Amino acid sequence: MTNAPKIARLNHAVLWVNDAEHAATFYCDVLGFTIAASIEGAVFLRAGGSTNDHDLGLFSVGSRPTTPRSVGLYHLAWQVDTLDELVVIRKRLSTANALVGASDHGVSKSLYGKDLDGIEFEVLWSIPQSAWGDSENSMKTAALDLDNELQRWSGRQTAADSNFSHS
């Protein structure tokens with residue numbers, strides 16, 4: 001497509017949840033978001049390292065049946081700057097009984113969680129782009145040995161210089 005616009009990044013996401021205030025507590029307690037604003041039935045959250053006015057909007061819908069694997073959003077992914085932060089997230093997700101998976105994607109190390117409404121999300125750390133090698137285009141998924149990876153990558157910051165995108 002000629003003259004196609006260049007989207008720079010995802011600015012924010014909005015989720016329908018049973019109770020926005022209850023969901024906001026989860027995202028604040030587990031992932032360190034802060035409340036940027038709220039109105040009746042909606043809460044807007046800002047991620048700890050963000051300069052956005054808000055990164056996640058939560059809108060209450062009350063109790064209604066949901067269908068897994070129906071058309072719609074599969075998951076959101078947030079990137080942390082260091083693998084050490086991912087270790088902290090693992091502990092917080094485990095404490096909240098919200099950790100549902102951990103994967104090594106070659107170019108990233110990912111944890112998967114579910115919020116109080118069962119909405120899945122990913123928190124990832126991208127390895128330095130110079131170390132991607134053959135993993136750059138492979139979309140591999142393997143078991144994550146976070147403690148072993150920490151020995152190699154502890155303290156290495158990558159979020160600021162990463163053009164990383166993972167599905």
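The values are calculated or read from the model by the stated rules, or taken from the named source; none is laboratory data. Nothing here was measured: the structure is a model prediction, and the numbers come from that model. Here the Cβ positions follow ideal geometry from the backbone for every residue, glycine too, while neighbour counts run over all protein chains shown. Just so you know, the surface numbers come from the protein's heavy atoms only, side chains and all, with ligands and any DNA or RNA stripped out. Shrake-Rupley method; radii C 1.70, N 1.55, O 1.52, S 1.80 Å.
Taking the conditions (1) touching a helix residue (DSSP H, G or I) at 6+ places or on another chain (Cβ under 7 Å); (2) under 21 Å from VAL17 (Cα atoms); (3) among the β-branched types (Val, Ile, Thr) in turn, VAL80 satisfies each one other than (2).
Take ALA77 and decide whether it is at pLDDT 85 or above, under 30 Å from ARG152 (Cα atoms) and surrounded by 16 or more Cβ atoms within 10 Å (Cβ to Cβ). Talk me through it step by step, then tell me what you get.
Numbers: at pLDDT 85 or above: yes; under 30 Å from ARG152 (Cα atoms): yes; surrounded by 16 or more Cβ atoms within 10 Å (Cβ to Cβ): yes.
Spelling it out, ALA77 is indeed at pLDDT 85 or above, under 30 Å from ARG152 (Cα atoms) and surrounded by 16 or more Cβ atoms within 10 Å (Cβ to Cβ).
Scanning the range 84-117 for residues that are part of a strand (DSSP E or B) and open to solvent by less than 40 Å² (accessible area, probe 1.4 Å) returns GLY101, SER103, ASP104, SER108, LYS109, SER110, LEU111, TYR112, GLY113.
Considering only the range 107-165, how many residues are polar (S, T, N, Q) and touching a residue at least 60 places away in the same chain (Cβ under 8 Å)? Qualifying residue count for the region: 4. The C-beta contact set for the range 1-28 (first residue over 23 Å from GLY48 (Cβ atoms) and assigned to a loop (DSSP other than H, G, I, E, B), second residue of a type outside the set (A, V, I, L, M, F, W, C) and at pLDDT below 80, distance under 7 angstrom, 6+ apart or interchain) comprises ASN18/SER63.
Applying the selection to the range 36-63, what residues are crowded, with 16+ Cβ neighbours inside 10 Å and not in a loop (DSSP other than H, G, I, E, B)? Outline the logic, then answer.
Taking the range 36-63 as the starting set, the residues that turn out to be crowded, with 16+ Cβ neighbours inside 10 Å are 36, 42-47, 50, 54-58, 60.
If the condition is that a residue be crowded, with 16+ Cβ neighbours inside 10 Å and not in a loop (DSSP other than H, G, I, E, B), then ALA36, ALA42, VAL43, PHE44, LEU45, ARG46, LEU56, GLY57, LEU58, SER60 are the ones that fit.
Screening LEU99 on (1) at pLDDT below 95; (2) farther than 19 Å from ALA20 by Cβ shows it passes everything except condition (1). Of all residues in the range 127-144, which are modelled with pLDDT of 90 or more and surrounded by 12 or more Cβ atoms within 10 Å (Cβ to Cβ)? Listed by number, the residues that qualify are ILE127, PRO128, LEU144.
Checking ALA23, ALA8, ALA13 one by one, the residue that is modelled with pLDDT under 95 and open to solvent by less than 60 Å² (accessible area, probe 1.4 Å) is ALA13 and no other.
Is there a residue being assigned to a strand (DSSP E or B) and buried (at least 16 other Cβ atoms within 10 Å of the Cβ) anywhere in the range 145-159? No; the residues of the range 145-159 include none that is assigned to a strand (DSSP E or B) and buried (at least 16 other Cβ atoms within 10 Å of the Cβ).
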